[in-house]
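We did not get these values from a lab; they are worked out from the coordinates using the rules stated. Not measured: the values here are computed from a predicted model. All Cβ positions, glycine included, derive from the backbone under ideal geometry; neighbour counts span all protein chains shown.
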Amino acid sequence: MSGKQMIRNVAIIAHVDHGKTTLVDKLLAQAGELKSHGATAERIMDSNDLERERGITILAKNTAIRYGDYTINIVDTPGHADFGGEVERIMKMVDGVLLVVDAFEGCMPQTRFVLRKAIEQGLKPIVVVNKMDRDNARPAEVVDEVLDLLIDLGVEDDDELDFPVIYASAADGWASTRYTEAGKDMSPVYESIIHFVPGPKAEEGSLQFQAMLLDYNDYLGRIAIGRVARGALKAGSTVEVVKRDGSREQARITKLFGFLGLERIEKEEVEAGDIAAVAGLGKVNVGETVGEPGEAEALPLLAIDEPTLQMSFMVNNSPFAGREGEPATARKLAARLSRETETDVALRVEETERPEVFIVSGRGELHLSILIETMRREGLEFQVSMPRVIFKDIDGVKSEPFEYMVADVPDDAVGTVMEKMGARKGELLKMETNGGWTRLEYSVPARGLVGFRTEFLTDTRGYGILNHNYDGYKPWKGEIDRRRCGALVAWETGVARSYGLINVESRGVLFVHPGAEIYEGMIVGENSREQDLTVNVCKEKQASNMRSSTKDETVKLKVPRAMSLEQSIEFIRDDELVEVTPKAIRLRKLLLQKADRDKYEKGRRAAG
C-alpha cells in the first residue's frame, strides 16, 4: 500500500456534551499515546482551563494515532453553535466523520447542523451511539432518529442511508457493534474508521495547501493548519501564498509540524493527504492557498461566518479602576483585541470615534463571553456594554439573526416557558410529549434568547435543557422587552452595611453582601418594580445613649444573588455596563451620578 492509503483523516462531530472529547481520550489511551506522554487527566484534548471548567470544546484540535500500520488523523471539533464555523472548515480537511450521539438525548440542534455540513461535503458518517452506560439509554430509537434526520436533510441514496453504527461507552472505555452486549475496548471504532473512511485522494502536480485553522505562537507568529491537497510541503522552502483578494506573496516555511498523540512533531516534509501545521507564512488567513512560487493555483475560498452579535469593549473608568488588576489603556486594549483576531477569524474588532471604545462582533453570547473571561484571567481590567444583534438589509427588508431552539421541559413548566417564548417573538415549530417531559422546538430571534437561559432554568427548577443553533437571517419581528425589572443603584461610595442592606432588602433582590465595597452608581440589586431605584446600602445605624428594644436582635439577611459573567451580561440594559476585573464582576450605570442620569432620562423623553 502507498503512504496515502495508510492515512485516515476523520473529524469527530456532535452536539455539545455528547462525549466527543472523552471518546478521543480513550482512543489515545488504547493507542498508548497518553502513557508515552505521562498524561492521565480526563478530557486531555480540552487543554484550555475554560474548556475544562465548562465541559465543552471551544477550539478545534488535531491529534494523530498510530493503529497498526495506519496513521489516523483525528480532529476534535467544537460542539457549541457559536463555534460552528470551525466545523464547516474542518469538513474540507477530512475524508470521513464520526457522528457521536447521546444514547438518551438523541439528535439535538447541533447534531443537525454538523451532519448537514458533513453531507454537503459528501462525507458518509460513522454513527457512534455514546453513553450506553446510562440507565435510560435507548439506542435503537436514537439510530432511527439519525436515519430520519438524514432523510430530512435530503439524503435519498440507499447506500448513504446504510451507515455503520458503533455502540460505545467512552467513559467506561468500550465499544461494540451490537447494543445488546458491551465490548472489551475501543477496537471497533478503529476498525470502522479504517474500513469505512477512504484514504485521502491526492492529485499529481505542484504543491497545493489550504489554511483551514489558525494558531498563534509568540515565537513563531501565526501558524496555519490544513491538509496538503497536492505535492509536498518542505521545511525551509520558499512558497507563494494566494491571498483572499487574489494578490500573491512569497514566504519561507520556517517550521513544519505533523501531529502525533498530544504533540506537534517537527518534520522536514509532509506529503499530500496528510495534515500539517506551517509557520512562516506571514499574515496568512483562513482559506488562502499555498503553492510553488509562480505556479500556485488557488483553491476555492472558504466562507467565514459573519458575526451576529456585538458589544462595546472600553477602558475601565470606574472609581475602583486599577485596584484589582492591570488597567487596560486604549492602546493595550486595542493590542489585546487585535491579537485575538490572529486566531479567531469569526471575530471583528472596529475602532470608534472615542479612542477608548471598541466595537467587538462575534458569533454569539458564548463566543464573546469566552473572550471576556479569557482577558479577565490574563489580569486585565475593562468594561463591556449590553450585547446587540447585528441587523441587515436583505432585499430592502430589515432582517435579524434567528436561532433554532430545542427545549426539553418538565410538563408542569411548559405553560410558563411557552408564555415567555411568545413574549420573545418565538414561533413554535414542533411539540412532542414523552414520559412527563415535553420537547419544544422554536424559531426565535437571537436577541430574544439574550437573558433567557437564567429565566428558563428558574422556571424549570433547574431540570430544563435548552439548546439552540444559528438559523440564518429572517425579517425583523419587532421590539422585544428584555428586562421588566429596574435596578437598585447605590447612592454613595463606601462599604455596604447590614443596617443599610436590611432596609433595602424588601425592595428587591440584592447582589452584594455586608462589607462589600460600593461606589456611587454601582448596581447593587434588582428592583421588584420596573423603575430604577437609588438606595443607600452604606447607611449605618446611629449610635446613641438611648436603650433600644431591638438592640440585641440579630440581623438576618437573605443570601445575595451571585452574578456570573454571563448573567451580568444578560442583565444589563443599554444605559448600563459590566465592569470586569480579575477579582470581581460589577454592574454599574453608564452615568454614575443620579443628577446626570435624571438629566439624560429627561432629554430622552423630550426627544421622544
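Find, to one decimal place in angstroms, the Kirkwood hydrodynamic radius of the stretch 471-520, where the mean of 1/r is taken over every pair of different Cα atoms and then inverted. Numbers along the way, then the final one.
Details: mean 1/r = 0.0723 Å⁻¹.
In the stretch 471-520 this quantity evaluates to 13.8 Å.
Explain nothing, just the number: relative contact order of the chain, from Cα pairs under 8 Å at least 6 residues apart, as a whole percent. Working shown, then result.
On the way: 1307 pairs, mean separation 60.1, N = 608.
Answer for the chain is 10 percent.
Exceedance of the 24 Å cut-off in Cα-Cα distance is limited, within the set Lys92/Lys398; Lys20/Lys92; Lys539/Lys589; Lys243/Lys392; Lys477/Lys594; Lys392/Lys589, to Lys92/Lys398; Lys243/Lys392; Lys477/Lys594; Lys392/Lys589. Extending 7 Å from the Cα toward the beta-carbon at both Ala182 and Lys283 defines two label points whose distance is 5.6 nm. With N the number of residues in the stretch 313-423, Rg(Cα) / (2.2 N^0.38 Å) evaluates to 1.39.
Between the alpha-carbon centres of the stretch 400-415 and the stretch 241-276 there is a gap of 44 Å. Of the labelled figures [x] 44; [y] 33; [z] 26, only one reflects percent of Cα pairs over 45 Å apart as derived from the coordinates, namely [z]. The Cα center of the stretch 5-32 and the Cα center of the stretch 88-135 differ in position by 12 Å. For the chain, a crude dipole built from +1 on the beta carbon of Lys and Arg and -1 on the beta carbon of Asp and Glu, taken about the Cα centre, is about 2480 debye to the nearest 20. Applied to the stretch 525-541, the Karplus parametrisation 6.51 cos²θ - 1.76 cosθ + 1.60 on θ = phi - 60° returns per-residue 3J(HN,Hα) values of x, 10, 6, 7, 10, 6, 7, 6, 10, 8, 10, 10, 8, 9, 5, 10, 6 Hz, with x for Gly and Pro.
Backbone amide hydrogens, once placed in the peptide plane, bring Ile223 within less than 5 Å of Asp215, Tyr216, Asn217, excluding anything fewer than 5 places away on its chain.
In summary, the aspartates and glutamates within cross-link reach of Lys255, defined as a Cα separation below 19 angstrom excluding same-chain residues under 8 places away, comprise Asp215, Asp218, Glu240, Glu263, Glu266, Glu268, Glu269, Glu271, Asp274, Glu288, Glu292, Glu342.
A crude spin-label estimate for the pair Thr454 and Asp596, with each label 7 Å from Cα along the Cβ direction, gives 2.4 nm.
Identify the trypsin sites (Lys or Arg not before Pro) of the stretch 280-368 meeting these criteria: DSSP loop state and at most 14 other C-beta atoms within 10 Å of the C-beta.
Values: sites: Lys283, Arg323, Arg331, Lys332, Arg336, Arg339, Arg348, Arg363; in loops: Lys283, Arg323, Arg363.
Passing sites in the stretch 280-368 are Lys283, Arg323.
The GluC sites (Glu not before Pro) of the stretch 370-402 that DSSP puts in a loop, and whose beta carbon has at most 13 other beta carbons within 10 Å, are Glu378.
Put the Cα centre of the stretch 427-481 next to the Cα centre of the stretch 306-333 and the gap is 31 Å.
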